[in-house]
Amino acid sequence: MTIQQEFTPTRRPAVMPLITYVDPDGGRHEIEAQRGDSVMETAVKNGVPGIIGECGGFLSCASCHVFVADEWIDHVGRAEDVEDETEHVILDDAAAERQSGSRLSCQVKVTDDLNGLVVHVAPEQS
Amino acid sequence: MSNDVLVVGASQAGVQLAASLRELGHDGAITLVGAEPHLPYQRPPLSKAYLAGAATAESLALRNDAFYASHDIDLIRGDRVADVDLDSGKATTETGRTLSFDRLALTTGARVIRLPIPGADLPGVLYLRDLDDADMLAQVLPSARSVVVVGGGFIGLEAAAVCRNAGKDVTVVEMGARLAARAVAPVVSDFYRQAHERRGTAIRLGRTVTELLGDKGAVTAARLDDGSVLAADLVLVGVGVAPRIELAEQIGLEIRNRAIVVDRFAQTSDPRVVAAGDCTLLPHPRGGDDMVRLESVQNAVDQAKIAAATLLGEKKPYSTVPWFWSDQDTLKLKIAGLSTGYDDVVVRGDPGTEKFSVLYYRSGKLLALDSINQTADYLLVRRLLGAGGTVPAERAADVDIPLKSLAVTNAG
């Protein structure tokens with residue numbers, strides 16, 4: 001699969017939105033997500049390695065750091081645009097260096113709009 | 001040699017322990033037994049988002065149903081291990097199941113302490129520990145008018161904040177001279193009292209509830225030790241928890257302060273048994289001779305990982321900087337480190353703004369930090385403590401200098 005295809009937002013109808021997690025070793029995990037769960041919860045409940053979600057999604061740690069591809073970041077939204085600046089502050093301090101598509105996946109809710117989303121799991125979590 | 005593991009207790013620690021065993025390559029059987037009928041779930045949101053209606057029971061699940069099958073974890077729900085024989089490697093449950101194992105993990109958690117007073121069993125008197133408790137509370141809260149919260153610790157204060165936000169008359173009755181005294185310094189306790197009072201919650205310190213009064217089979221009021229009577233059609237009790245140690249006692253494990261004694265490797269006094277989470281008394285993770293109990297998600301998770309490694313013969317000492325959090329309305333408390341034994345505190349910022357941090361020191365060495373709506377300070381200090389660093393006490397109050405610039409790493 002080429003990079004181009006990998007990050008093209010798909011719009012195919014699905015019973016449940018499909019989220020793909022790419023772990024730091026390149027392994028891909030395609031998960032049918034429950035709408036309303038966060039991208040972090042989806043990963044943890046399905047045992048995707050590398051996303052810890054230690055605080056349970058209460059913006060108390062940076063253990064669910066993911067990199068959202070450029071093609072997706074406008075759909076997902078950028079951390080610096082979130083009104084509550086906590087996520088922004090946490091990401092500045094995350095163990096893996098922040099990138100333009102960095103998000104705490106606990107703050108990204110699964111919607112039909114995100115069907116086909118691909119996120120890369122940050123290599124270090126804190 | 002077979003190495004089948006029986007994990008007793010299917011909450012945060014037990015689920016983590018089972019998951020970590022598989023992650024570390026364990027190929028023996030894993031049986032995970034939980035007393036509750038629900039898919040194992042997260043407890044912290046019960047007194048926060050779940051109670052406020054911002055989370056569903058489904059979203060609280062720690063793992064999907066399919067996770068247990070795909071990781072070959074035999075999850076038994078709604079049953080309780082009643083009897084364990086280590087020598088034969090057999091356990092029996094209340095419903096009569098016999099379970100075989102080579103190694104045992106106790107993640108039995110803690111139960112709420114019940115009020116030993118007249119009227120405590122009246123309908124309308126609720127506790128906050130389990131999903132069922134939270135569901136019951138969610139059911140009765142809408143029709144309640146006056147809520148008395150017994151216990152001014154974090155659980156009580158979190159619940160009080162939710163009730164107050166739901167428009168109820170709320171009174172918190174705390175036996176101690178200040179709020180959350182076991183966890184935070186007086187300056188933070190005072191801050192909480194003022195912040196909750198600003199939000200319209202009444203706080204009664206140094207008072208105990210001596211009796212709950214009822215009418216037509218439901219609670220109507222709480223009588224305090226000074227004779228005053230508070231109207232209450234809902235009483236929420238959050239006066240602490242006690243470790244579940246019955247099995248550990250039956251096996252003959254070392255018990256101290258009513259908790260299961262473990263070492264830095266989550267090993268109990270019997271080499272065949274590990275324990276993790278709320279049920280344990282463990283060496284202070286940052287060294288020294290102190291033994292501590294840590295009632296937190298962080299400890300449940302990190303200690304369970306250590307316990308799983310120990311079961312597989314990989315000994316990794318537990319050294320994580322403890323951390324905690326508590327959300328009360330807009331007040332986001334985050335604690336890094338353990339302040340036990342502090343001899344000095346420095347307040348950074350003005351508590352009146354509901355945005356400040358408190359640094360705890362012993363002999364000039366930084367032990368811990370509480371931050372209210374100051375996540376950057378919390379993150380910095382959590383990492384700093386992990387690296388053995390400090391912030392000089394004499395400069396820590398200066399808010400004109402970012403805490404980051406004041407940090408000194410690798411200080412003694």
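The numbers here are math on the coordinates, done by the rules we state, and not lab data. What you see is a predicted model, and the numbers here were worked out from it, not measured in a lab. Because the Cβ atoms are built from the backbone with ideal geometry, glycine has one as well, and the counts that use them run over all protein chains shown.
For peptide B:90-102, the mean count of partner chain Cβ atoms within 10 Å of a residue's Cβ comes to 0. Using the Cβ-Cβ distance between residue A:112 and residue B:165 with R0 = 41 Å, the FRET efficiency computed as 1/(1 + (r/R0)^6) comes to roughly 0.85. Basic side chains Lys and Arg get +1 at the Cβ, acidic Asp and Glu get -1 at the Cβ, and with that the dipole of the protein assembly as shown about its Cα centre reaches some 940 debye.
When the Cα atoms of the range B:248-401 are aligned to their principal axes, the ranges along those axes come out at 55, 34, 27 Å in descending order.
Take each residue of peptide A:51-59, count the partner chain Cβ atoms within 10 Å of its Cβ, and average: the result is 6. Among the listed pairs A:109/B:315; B:168/B:355; B:90/B:316; A:109/B:355; A:45/B:316, which have their C-alpha atoms separated by more than 30 angstrom in this model? Checking Cα-Cα distances, A:109/B:315 exceed 30 Å.
Quote the relative contact order of the range A:36-126 in percent (integer), defining contacts as alpha-carbon pairs under 8 Å separated by 6+ residues. Write out the running numbers ahead of the final one.
On the way: 150 pairs, mean separation 39.5, N = 91.
In percent, rounded to a whole number, it is 43.
Let a ≥ b ≥ c be the square roots of the eigenvalues of the Cα gyration tensor of the protein assembly as shown; is it rounded (a/c under 1.5), or, if not, prolate (a/b larger than b/c) or oblate? Rounded shape, in that the Cα axes give a/c under 1.5.
Estimated from the Cβ-Cβ distance and a Förster radius of 41 angstrom, the FRET efficiency linking residue B:74 and residue B:393 is about 0.20. What the Cβ-Cβ distance of residue A:32 and residue B:408 gives, at R0 = 45 Å and to the nearest 0.05, is a FRET efficiency of 0.40. Look at the Cα gyration tensor of chain A: its axes a ≥ b ≥ c give a/c under 1.5, and that counts as rounded. Per the Kirkwood definition applied to all pairs of different Cα atoms, how many angstroms is the hydrodynamic radius of the range B:330-406? After inverting the mean inverse Cα-Cα distance, the result is 12.1 Å. Eigen-decomposition of the gyration tensor built on the alpha-carbon atoms of the range B:125-239 gives equivalent ellipsoid semi-axes of 21, 16, 13 angstrom, largest listed first.
Counting helices only, and only those DSSP H runs with n ≥ 4, report the 222 nm mean residue ellipticity of the protein assembly as shown as the sum of -39,500 (n - 2.57) divided by its residues, in deg cm²/dmol to the nearest 500. Write down the numbers at each step before the final one.
Values: 13 runs with 115 residues, N = 538.
Computed mean residue ellipticity for the protein assembly as shown: -6000 deg cm²/dmol.
Taking every alpha-carbon pair within the range B:185-336, the share separated by more than 25 Å comes to 50 percent.
Would you please classify the overall shape of the range B:1-134 from the alpha carbon gyration tensor, given that a ≥ b ≥ c denote the square roots of the eigenvalues, rounded means a/c under 1.5, and beyond that prolate means a/b larger than b/c while oblate covers the rest?
Numbers: a/c = 2.76, a/b = 1.50, b/c = 1.84.
Here the range B:1-134 falls in the oblate category.
When each of the peptides B:158-170, B:313-325, A:114-126 is scored by how many other beta carbons lie within 10 Å of its residues on average, the order from highest to lowest is B:158-170, A:114-126, B:313-325.
For the modelled label position 7 Å from the Cα of residue B:228 along Cα-to-Cβ, which residues of the range B:145-164 have backbone nitrogen atoms closer than 17 Å? B:146-152, by backbone N distance to the label point. Label sites at residue B:87 and residue B:111, each approximated as a point 7 angstrom past Cα along Cα to Cβ, lie 2.9 nm apart.
Here the label points at residue B:139 and residue B:319, each 7 Å from Cα along the C-beta direction, are separated by 5.0 nm in the simple model.
A simple charge model with +1 on the Cβ of Lys and Arg, -1 on the Cβ of Asp and Glu and nothing else charged puts the dipole of the range B:125-239 at about 360 debye relative to its Cα centre. Of the residues A:52, B:113, B:372, the one with the fewest other Cβ atoms within 10 Å heads the list, and the complete ranking is B:113, A:52, B:372. Look at where the Cα atoms of the range A:105-119 and of the range B:243-304 average out, and the two centres are 39 Å apart.
Taking 7 Å steps out from each Cα toward its Cβ at residue B:272 and residue A:85 produces label points 5.8 nm apart.
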